[in-house]
Amino acid sequence: MKSIAVVLVLLAGLALPRTGAAVEGALPDALRRCATIAVEAERLVCFDRLASSVAAPGEDGTVTIGRWQVTASTGATGRTIVADQRPVEPWGEDSITLEITCRDDRLALAVGRDSPVMGAASVLANVRINDRLAPGDIWQGSRDLHRAIFPGDVREFLTRLPSTGTLAIRLEGSRRWRFEGTYRLDGIDEIRRRMLAACSR
């Protein structure tokens, strides 16, 4: 009975005016997937996850969307939204986390870890989207060299990402400075919607 009430509440939310890819197809599909789960406890967990993934973008807190952790916070300098994902490979000494950030009305995309990922101020990055390899590009390092920052137009990059598949990023330095990660794009439609709505640049 609880799961029916959750479905009705979520369906009622669909009637509200919203924009974005979640309403255009992903949310009804996700509702149908949850509704087909036979075990009541598992079905309720599915609906709970779905409800948390459509939390209003203006709320502070953390939600999980696919493999993404999305954290929104408001501080003295304004609103910040961070979507990050650990690689699908087991975490190792050459692993890096993918991070998409909206801060001060500006989008940024970076990969990094808690220790340096480069030995100089910049590094060659190779990007593969599904089976398509993009030309290598030079990414700039953060001050502490713990992050490599995408140099291009992040809005355009996000807009061109497919809704599913994988994004692989490899940082190539000397033999000692090689880091890489593969990330699932599931949920990127909702990440894209939130980021593009929150950041104009």
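The values are calculated or read from the model by the stated rules, or taken from the named source; none is laboratory data. All figures in this text were calculated on a predicted structure; none of them were measured in a lab. Neighbour counts are summed over all protein chains in view; Cβ atoms, including those assigned to glycine, are modelled from backbone coordinates with ideal geometry.
In segment 127-157, of all residues being among the aliphatic types (A, V, I, L, M) and closer than 25 Å to R194 by Cβ, the one that is surrounded by the most Cβ atoms within 10 Å (Cβ to Cβ) corresponds to A148. Kindly check whether there is at least one residue in segment 90-99 that is aliphatic (A, V, I, L, M) and either buried (at least 17 other Cβ atoms within 10 Å of the Cβ) or within 20 Å of A197 (Cα to Cα) (or both). Within segment 90-99 (the criterion being aliphatic (A, V, I, L, M) and either buried (at least 17 other Cβ atoms within 10 Å of the Cβ) or within 20 Å of A197 (Cα to Cα) (or both)), the answer is yes, since at least one residue qualifies. Taken over segment 143-177, the residue count meeting the criterion of being among the polar types (S, T, N, Q), without any contact (Cβ under 8 Å) to a residue 40 or more places away in the chain and part of a loop (DSSP other than H, G, I, E, B) is 1. Within segment 172-198, the set of residues being within 30 Å of A120 (Cα to Cα) and at pLDDT below 90 comprises E172, G173, S174, R175, R176, W177, R178.
Selection over segment 73-118 of residues that are under 18 Å from E180 (Cβ atoms), of a type in the set (D, E, K, R) and part of a strand (DSSP E or B) gives a count of 2.
Taking residues in segment 119-134 that are closer than 17 Å to T182 by Cα, and partners anywhere that are in a strand (DSSP E or B) and among the charged types (D, E, K, R), the pairs with Cβ atoms closer than 6 Å and at least 6 places apart or on different chains are L124/E172; A125/D137; N126/R170. Residues in segment 49-65: is at least one in contact with a Cys (Cβ under 6 Å, 6 or more places away or on another chain) and modelled with pLDDT of 80 or more? Checked segment 49-65: no residue is in contact with a Cys (Cβ under 6 Å, 6 or more places away or on another chain) and modelled with pLDDT of 80 or more.
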